[in-house]
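S.K.: For reference, the structure I am asking about is given below.
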Amino acid sequence: MYTVDELNDRLIDLAFAEDIGDGDHTTLCCIPADAMGQSRLLIKEEGILAGVEVARRVFARFDAEMQVEVFIGDGTHVRPGDVAMLVHGRVQSLLQTERLMLNIMQRMSGIATMTHRYVERLEGTGTRVLDTRKTTPGMRMLEKEAVRIGGGVNHRIGLFDMILLKDNHVDFAGGIANAISRCHDYLRAKGKDLKIEIEVRNMDELRQVLAIGGVDRIMLDNFTPELTRQAVQLIGHRYETESSGGITIDNLRDYAECGVDFISVGALTHSVKGLDMSFKAC
């Protein structure tokens, strides 16, 4: 199993291979190998900055002699005209790392900015916003880090660090009782200690889960705010609660005011706009 840093390094290597191929012929044909220069990261849109530390890794991975001077760190509220960093080094290196660094930082900053909007909408409720596995293949660790930078909370990272019995698992297992029972049998057999969450689609399924027990969190999937309030009262703090499905920035607070512990929002990562910024010679 790879560490987060190892996964990020593999992503960076793959991205450089994808972008540069057998050489950046535009840069190589017109920029001398010994030419030195400096570029600045200029913010062009208001939002939450994210990806600064990953950018350092991109530069170091490509050319260890590049020097990075950071003025604005991850999680900072930025505005147009702000200069986040200066990077000094070989001009060839500045040009060849520019697009990958911007792609990562723009996307991470967009996710952090979107997450921050949701977190602000939940202020005072005690409910926390969760991300999902609806991430860009290969970029999950970066995108989930951006959610944390924006003030959100990571749900499970992947299929390996938590049990989440969803509707298809329940249906293929032959019902809620079978799914929960088999889950505990598996964890005992494998000697694993993982949290267990189960998704319910209606009040009848919720009552079944409450009768059986053996879970840590109950996901209320596609419940209306009215049904969510009833469900939370029925659960009575015996288990953590999570609302999911059909939740937007506009109705987010309606669900939070029902008393759920978490609200999961796929839009934090699957349909976000990158934050505008540029990397220019100075």
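S.K.: Would you kindly identify the strands (runs of 3 or more DSSP E) lying entirely within region 110-227 that contain at least 1 residues that are closer than 30 Å to Arg10 by Cα?
M.R.: In region 110-227, the matching strands (runs of 3 or more DSSP E) lie at 128-130, 163-165.
S.K.: When you check Thr132 against the structure, is it open to solvent by 10 Å² or more (accessible area, probe 1.4 Å), more than 22 Å from Ala17 (Cα to Cα), in contact with a His (Cβ under 7 Å, 6 or more places away or on another chain) and modelled with pLDDT of 95 or more, yes or no?
M.R.: yes
S.K.: What number of residues in region 226-244 are open to solvent by 10 Å² or more (accessible area, probe 1.4 Å), more than 21 Å from Glu123 (Cα to Cα) and either modelled with pLDDT under 95 or among the small types (Gly, Ala, Ser) (or both)?
M.R.: Looking only at that region, the number is 1.
S.K.: Does region 245-256 include one or more residues that are within 13 Å of Leu206 (Cβ to Cβ) and crowded, with 16+ Cβ neighbours inside 10 Å?
M.R.: No, the conditions are met nowhere in region 245-256.
Residue by residue, here is whether (1) in contact (Cβ under 8 Å) with a residue 12 or more places away in the chain; (2) touching a helix residue (DSSP H, G or I) at 6+ places or on another chain (Cβ under 7 Å) holds:
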residue	(1), (2)
Glu199	yes, yes
Thr224	no, no
Glu257	yes, no
Val265	yes, yes
Met277	yes, yes
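S.K.: So, one more: So Thr76 ticks every box in (1) open to solvent by less than 40 Å² (accessible area, probe 1.4 Å); (2) of a type outside the set (Lys, Arg); (3) over 17 Å from Thr97 (Cβ atoms) but one. Which box is left unticked?
M.R.: Checking Thr76 against (1) open to solvent by less than 40 Å² (accessible area, probe 1.4 Å); (2) of a type outside the set (Lys, Arg); (3) over 17 Å from Thr97 (Cβ atoms), the one that fails is (1).
The values are calculated or read from the model by the stated rules, or taken from the named source; none is laboratory data. Fair warning: this is a prediction, and the values are worked out from it, not measured in the lab. Cβ sites come from the backbone with ideal geometry, for glycine too, and all protein chains shown count toward neighbours. Calculation scope for accessible area: heavy atoms of the full protein, side chains included, ligands and nucleic acids excluded. Shrake-Rupley method; radii C 1.70, N 1.55, O 1.52, S 1.80 Å.
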